[in-house]
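For reference, the structure discussed in these notes is given below.
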Amino acid sequence: MTTRTTTWLKCATPRPEAGHRLICFPHAGGSASFFHPWAAGLPSYEVHAVCYPGRAARFGEPLPTELPALAADIAEAVRPLLDGRPVALLGHSMGAVVAYETARLLEADGHRVGHLFASGARAPQIPHPEGPRAADLDDDAVADALVALGGTDAELLADPEVRELILPYVCGDYRMFDSYLHRPGPALRCDVTAIAGDGDPQVAPAQAAAWAAVTRGRFTHHTVPGDHFYLTPHPPYLLVEAALSQGVVQRVG
């Protein structure tokens, strides 16, 4: 694996015998460690987590400011993994849109993406909701908004020393995501699964179902119990396994 791939992707449990690779994209303010338990939860798959710049092992690197440019860097890092084994992408919240843009780039280069899982996210073509934009909010307001969703530990942000370290990338991600504008282009060829919690204040069922418009492949929509971070207490392992198993059967048949 190249140094660049190692920088952008973390695989805690390599499984060269696994039939599938799953690449997971964290939410705004998140890091690769969010998906650390997924290797144990999906023992038949090789799980990689995307390491965004500016946090954890990449602390001090320039923060990403444009989501399509971030996706382009990730797509370059993913290409060495496209060695014949099916590769699926799964992103949560902001990560779902980053995964989508990454899939677009890979497919545009002629690579096959096995599946796209969009978790806790409105479809990318849906306009931003009305209300204050992140660019107009100060750091405290941005942090409070993310804490309210449950994705950022309120106790960490309450600690002045820790807050000083994490606030730049938390707010940077939020503003980058808020400034994203969907660009028209060819629909994806891969299958897409959208998953959202029934109590998610950010994603209405119709907004999750609108992911159907981004693909020519099969589309499935699941509403599960929970809020925006439903996958913290109840990761959707069974939904992932079922979707990927169905894809294998479809290809063989």
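The values are calculated or read from the model by the stated rules, or taken from the named source; none is laboratory data. In this text, all values refer to a predicted model and were calculated from it rather than measured experimentally. Virtual Cβ from ideal backbone geometry, glycine too; neighbours counted across all protein chains shown. Side chains included, ligands, DNA and RNA excluded: accessible areas come from the protein's heavy atoms. Shrake-Rupley method; radii C 1.70, N 1.55, O 1.52, S 1.80 Å.
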Most mobile listed residue (28, 123, 12) in the chain, GNM with C-alpha springs under 10 Å
12
How high is the relative contact order of the range 1-72, given as a whole-number percent (alpha carbon pairs under 8 Å, six or more residues apart)?
33 percent
In whole percent, how big is the carbon plus sulfur part of the accessible area of the chain, probe 1.4 Å, protein atoms only?
57 percent
Translational diffusion of the range 23-166, µm² s⁻¹ [Kirkwood Rh, Cα pairs; Stokes-Einstein; 25 °C; 0.890 mPa s]
149 µm²/s
With the chain treated as a Gaussian network of Cα nodes joined by springs under 10 Å, which of 121, 49, 206 yields the largest mean-square fluctuation?
206
Mean separation of Cα pairs under 8 Å and 6+ residues apart, divided by the residue count of the chain: what relative contact order is that in percent?
19 percent
Residue span residue 108 to residue 148: 0.36 nm per residue of separation minus Cα-Cα distance leaves a gain in nm of 10.7 nm
Using the Cα centre of the chain as the reference point, and only Cβ charges (+1 on K/R, -1 on D/E), how large is the resulting charge dipole? Debye, rounded to the nearest 20.
1320 debye
Dividing the convex hull volume of the alpha carbon atoms of the chain by its residue count, what do you get in Å³ per residue?
122 Å³
So for the range 42-109, averaging the separation of alpha carbon pairs under 8 Å that are six or more residues apart and normalising by length, what relative contact order in percent results?
26 percent
Extension gain from residue 12 to residue 138, taking 0.36 nm per residue of separation minus the Cα-Cα distance:
41.8 nm
Between 214, 47, 224, find the one with the highest GNM mean-square fluctuation for the chain; connect C-alpha pairs within less than 10 Å.
224
For 230, 174, 237, give the ranking by accessible area with the largest first, probe 1.4 Å.
174, 237, 230
Wrap a convex hull around the Cα atoms of the range 1-106, take a quarter of its surface area, and give that in square nanometres.
6.1 nm²
Kindly list the residues of the range 184-211 that lie in the label zone of residue 218, defined by a backbone N under 14 Å from the point 7 Å along the Cα-to-C-beta vector.
190-194
Computed over the chain: longest principal axis from alpha-carbon atoms vs helix 94-108 long axis, angle to nearest 10 degrees, is 40 degrees
By how many nm would the segment from residue 36 to residue 181 grow when fully extended, if each residue of separation counts as 0.36 nm and the alpha-carbon distance is taken off?
49.2 nm
Measuring from the lowest to the highest alpha carbon on each principal axis, how far does the range 154-225 reach, largest first, in angstroms?
48, 31, 17
In the range 1-104, the GluC sites (Glu not before Pro) that fall in loop regions by DSSP, at most 15 other Cβ within 10 Å:
17, 66
With every protein chain left in place and a probe of 1.4 Å, what is the accessible surface of residue 44, to the nearest 10 Å²?
80 Å²
Interatomic Cα distance distribution for the range 97-226, bins of 5 angstrom, percent:
2, 9, 18, 18, 17, 15, 11, 6, 2, 0
In Å², rounded to a whole number, the accessible area per residue of the range 53-199 with probe 1.4 Å is 45 Å²
With Cβ to Cβ distances under 15 Å as the rule, what net charge do the other residues near residue 107 carry (K, R +1; D, E -1)?
+2
Relative to the longest principal axis of the chain, what angle (0 to 90°, nearest 10) does the C-alpha long axis of helix 139-149 take?
50 degrees
